[in-house]
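Data first, discussion second: the structure below is written as structure tokens.
The values are calculated or read from the model by the stated rules, or taken from the named source; none is laboratory data. These numbers were taken from a predicted model, which means no experiment stands behind them. Note that we place each Cβ from the backbone using ideal geometry, even for glycine, and neighbour counts take in every protein chain shown. The area values use the complete protein model at the heavy-atom level, side chains included, leaving out ligands, DNA and RNA. Shrake-Rupley method; radii C 1.70, N 1.55, O 1.52, S 1.80 Å.
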Amino acid sequence: MILPYPHHGDRVVAYLLPVWTRLPATDRMGVAAAVLAAAFVALLVGTRVRRVRPRPFRRPRPRAAEPVDTSWFTAHTLDGFPEEALRATLKTPAAPSRERLYAAWVLATHTQGTDAVWLEKNLALPADAAHLIAEAADARRRELSARVNHDTEARESDRRER
């Protein structure tokens, strides 16, 4: 029995004991069965409520700032990937897999704030490989933004001429 004031528990027991002993023996069984049934129902309800609404033990991880869509994985996804430079620096047996290097490249080219330190820390890349990938990704981003700006300016000048 959960008592609202645990430091007064001895008094509650002292009051319940005389009440319990004053009941006739036939009524004691009925009262005990009712208390047991109520406790069982409370246990069932408590377990069902707990199953329906699970509580996480940890805080949820923050979601990615940008959703990943199919535009991240096209035929030109690996354009500019520094494969030759990476192959020259990663001739050790403990070198990261090609898939991990490709994942680092995709993240570095498509997400903001993915620098060499982040790649090194989160993808367990060697420092030199992470720096090569980050620098090549920055160069590719600058090239793509310059191309987009040039295309935009060309379209605007075409509109002006018409």
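A few notes on this one:
- Boolean, V35 is surrounded by 10 or more Cβ atoms within 10 Å (Cβ to Cβ), at pLDDT 75 or above and of a type in the set (A, V, I, L, M): yes
- Per-region count, segment 109-130, residues under 20 Å from the mean Cα position of the chain (by Cα) and closer than 17 Å to W72 by Cα: 5
- Scan of segment 123-154 for residues that are open to solvent by 80 Å² or more (accessible area, probe 1.4 Å) and closer than 29 Å to A88 by Cβ, ordered by number: H131, E135, R142, E143, R147
- Test result for A103, at pLDDT below 75, part of a helix (DSSP H, G or I), open to solvent by less than 60 Å² (accessible area, probe 1.4 Å) and not β-branched (V, I, T): no
- Among residues of segment 106-119, those that are assigned to a helix (DSSP H, G or I) and open to solvent by less than 70 Å² (accessible area, probe 1.4 Å), counted: 7
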